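Right, one structure below, let's go through it.
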Amino acid sequence: MADQGKAGESLLTGLGSSALHAYRVAGALLLTLIAAYRSSSAPGIGAREVCRALTVRQIFYTSFQALSMISVVALFVGATLTAQSEILGGPLQRETTGRVLVTVVVRELAPLITAIIVAGRSGTAIATEIGVMRVNSEILALASLGIDPPRFIVWPRLVSTTVSVPLLTIYFSTMAVLGGFIALFFIDSHAVAEWRSGAVLGLSVIDLPLVLVKTLGLGALVGWVCSYYGFEVGSSPTEVPQKASKAVVQSLIACIIYNAVITMAFYGLLVGGRLQ
Amino acid sequence: MSDNEAPPPVDLLRVDAIAGARLPRRERDREPGLTLDRVDFDYQGHVILAGMDFELERGASAVVTGQNGCGKSTLLYVAAGLLPPRRGTVLHAGNPLGALFPSARVQRGIRVGFVFQEGGLLANLDALSNVSLALRYHYDVLALDETSLMAQAEAALETAQVSRTDWHRQPAHLSFGIRKRLALARALAIKPNFFFFDDPDVGLDPRTAQVTHQILCQLRDDPEVTLFVATNRPQLIERLEVPGYRLSAGQLSSHSGKSSLPPSGSFTRPGA
């Protein structure tokens, strides 16, 4: 009985400690976002110009430099999906195959896989760069020069991932459909016209707000969570890879949960599950 | 005495007397400079500053000494407004720093120059960009155009004797001494009215140390600059001839004996 009591107590202590940690992280995450937003609207023409230039450069790094990777992933995802649909549906379901590909890719796969690629590629870079800046006292040095670290460091990265994920999602969707088209061409070149009409039917105007809300949110999550973990680095260089890894894992989990919640909320509540 | 000349030997026991000799100038300028009002700071329970009260008038200078790890650097960070105190208030020229973004401080005329022990240079920018960054960021507040901005940055690099051949190199490609001078140039570029220097001449060759000492003496003599230096180097303390304080157990106390300084002979005189 005494052992059971101790085990229960230790379980409660563990749960309490985890809840407290989660509460602290949530609070700190929120503060990071508030500080970035507040500092972004602080006065200063020079500050605005410097940060705008930084943001443009960050968007270039996050989106343009990821195009080759996105191309490869999207082409093969599209091709694989088409091949699987062809196996399941056969020649009689070509229109459905095209429709399924476009629907699945545009609504679900493109936003999520793009966010995963951005988190893996740019999220790691964001957390590592900020972590190294922390270790080298660069962030303190910026503050000493009258430069607001949230504005100079967090805001450009947050904006860049928020802008890049929607842009890359559009590109991913296009390349995935192209990949599916190429795959079908090799499977049965005569089926392309039927498949294409199905693909066009798969697109719906209602998808636009969903994809926009999803991609903007996913992009913001990656920039936000990874910046936060970068700032979590203390004074030791060994913390940098630890926090970078944590940043990517946590941002991926956040993205997957956000994606599912938005999909369910959108189709379940807003359109009442009527969309076909 | 010119700053280039070797300073006369100074009795380290008499730092207070030296400080007193410079007091008349301070008496004339009774404007608020750096103020620490009941400041507490700790690292996860390890107390660094305990209810510290400290006042340095505008244009005044001070040196803080103390054993390794006693918190001299942390004191400078807190005093410069880079780390927020757990409790208490830090004021620059009467302005509490807590509620102000770093950029808002510049807009209120508080320009801080801070030289870190390890430089704190931005690794992805070359030397010139490191120095001009703050000027570009605040060009509207400082009323600078592109030409005057670059001229000011170049003047700071020249003052700190950073060779032109190094201006377009990134910090990783510069030697330790040049990086230190570059950090000094960056801090000088904004024409600071509060200057903090953490261990100015640690690890420097005699020439770089000499340059650093000369610049510190110029800052000390500038009535607009409030100078706060953390060092344990008797030679620099002798040369600066400003009030000295010892940090111990979270409190500052005036220098009053050799115990506050490292043993003599632990340093080499530049040019010796």
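Sort out which residues of the stretch B:236-248 are in a helix (DSSP H, G or I) and surrounded by 20 or more Cβ atoms within 10 Å (Cβ to Cβ), and write them in order of number. Full working, then the answer.
We begin by selecting, within the stretch B:236-248, every residue in a helix (DSSP H, G or I); these are B:236-240.
Of everything in the stretch B:236-248, those that are in a helix (DSSP H, G or I) and surrounded by 20 or more Cβ atoms within 10 Å (Cβ to Cβ) turn out to be B:Leu236, B:Ile237, B:Arg239, B:Leu240.
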Yes/no for B:Ser163 being among the hydroxyl-bearing types (Ser, Thr, Tyr) and within 26 Å of A:Val135 (Cβ to Cβ): no
For A:Ala79: the one exception among (1) open to solvent by less than 80 Å² (accessible area, probe 1.4 Å); (2) free of Cβ contacts under 8 Å to residues at least 40 places away in the same chain: (2)
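I'm checking my understanding of the structure. Among residues of the stretch A:35-61 that are under 20 Å from the mean Cα position of the chain (by Cα) and of a type outside the set (D, E, K, R), which one is least open to solvent (accessible area, probe 1.4 Å)?
First pass over the stretch A:35-61, keeping only residues under 20 Å from the mean Cα position of the chain (by Cα): A:36-37, A:55-61.
In the following step, the residues that additionally are of a type outside the set (D, E, K, R) were identified as A:36-37, A:55-56, A:58-61.
Details: A:Ala36: 0, A:Tyr37: 142, A:Thr55: 19, A:Val56: 94, A:Gln58: 23, A:Ile59: 40, A:Phe60: 92, A:Tyr61: 94 Å².
The extreme case among them is A:Ala36.
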Residues being out of contact with any helix residue (DSSP H, G or I) (no Cβ under 8 Å at 6 or more places or on another chain) and either hydroxyl-bearing (Ser, Thr, Tyr) or open to solvent by 30 Å² or more (accessible area, probe 1.4 Å) (or both) - total across the stretch B:86-101: 10
Search result, residues across the stretch A:83-140 that are open to solvent by 40 Å² or more (accessible area, probe 1.4 Å), away from every other protein chain (no Cβ under 14 Å), in contact (Cβ under 8 Å) with a residue 40 or more places away in the chain and β-branched (Val, Ile, Thr): A:Thr96, A:Val100, A:Ile116, A:Thr124
Residue tally, condition assigned to a helix (DSSP H, G or I), open to solvent by less than 30 Å² (accessible area, probe 1.4 Å) and not β-branched (Val, Ile, Thr), over the stretch B:200-220: 6
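If only one of A:Ser189, A:Ser197 is over 30 Å from A:Thr263 (Cβ atoms), surrounded by fewer than 22 Cβ atoms within 10 Å (Cβ to Cβ) and away from chain B (no Cβ under 14 Å), which one is it?
On the way: A:Ser197 fails: over 30 Å from A:Thr263 (Cβ atoms).
Unique residue meeting the criteria: A:Ser189.
Checking the conditions here, which among A:Val73, A:Val77, A:Val25 is among the hydrophobic types (A, V, I, L, M, F, W, C) and closer than 18 Å to A:Leu158 by Cβ?
Working: A:Val73 fails: closer than 18 Å to A:Leu158 by Cβ; A:Val77 fails: closer than 18 Å to A:Leu158 by Cβ.
Exactly one residue qualifies, and that residue is A:Val25.
Can you say whether A:Ala220 is part of a helix (DSSP H, G or I), buried (at least 18 other Cβ atoms within 10 Å of the Cβ) and in contact with a Lys or Arg (Cβ under 7 Å, 6 or more places away or on another chain), as far as the supplied structure shows? Steps first, answer last, please.
Values: part of a helix (DSSP H, G or I): yes; buried (at least 18 other Cβ atoms within 10 Å of the Cβ): yes; in contact with a Lys or Arg (Cβ under 7 Å, 6 or more places away or on another chain): no.
No; evaluated as a whole, the condition is false for this residue.
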A:Leu208 being open to solvent by 10 Å² or more (accessible area, probe 1.4 Å) and either touching a strand residue (DSSP E or B) at 6+ places or on another chain (Cβ under 7 Å) or farther than 12 Å from A:Val106 by Cβ (or both): no
Residue in the stretch A:240-274 that is modelled with the lowest pLDDT, counting only those that are over 20 Å from A:Thr161 (Cβ atoms) and open to solvent by 60 Å² or more (accessible area, probe 1.4 Å): A:Arg274
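Under 21 Å from B:Leu247 (Cα atoms) and at pLDDT below 90: which single residue out of B:Gly98, B:Gly20, B:Gly88, B:Gly119 fits that description? First the steps, then the outcome.
On the way: B:Gly98 fails: under 21 Å from B:Leu247 (Cα atoms); B:Gly88 fails: at pLDDT below 90; B:Gly119 fails: under 21 Å from B:Leu247 (Cα atoms).
The match here is B:Gly20.
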Per-region count, the stretch B:221-230, residues surrounded by fewer than 22 Cβ atoms within 10 Å (Cβ to Cβ) and touching a strand residue (DSSP E or B) at 6+ places or on another chain (Cβ under 8 Å): 1
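Give, as residue ranges, the helices (runs of 4 or more DSSP H) completely inside the stretch A:113-187 that count at least 3 residues that are modelled with pLDDT of 95 or more, within 12 Å of the chain's Cα centre (by Cα) and on the phi < 0 side of the Ramachandran plot.
On the way: elements: A:124-135, A:138-144, A:155-187.
By residue number, A:155-187.
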Scan of the stretch B:102-117 for residues that are buried (at least 19 other Cβ atoms within 10 Å of the Cβ) and of a type in the set (D, E, K, R), ordered by number: B:Arg105, B:Arg111
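The values are calculated or read from the model by the stated rules, or taken from the named source; none is laboratory data. Here the structure is a predicted model, which is why all the values come from computation and not from measurement. A quick note on method: Cβ atoms are made from the backbone with ideal geometry, for glycine too, and the neighbour counts reach across all protein chains shown. Heavy atoms of the whole protein, side chains included, go into the accessibility calculation; ligands, DNA and RNA do not. Shrake-Rupley method; radii C 1.70, N 1.55, O 1.52, S 1.80 Å.
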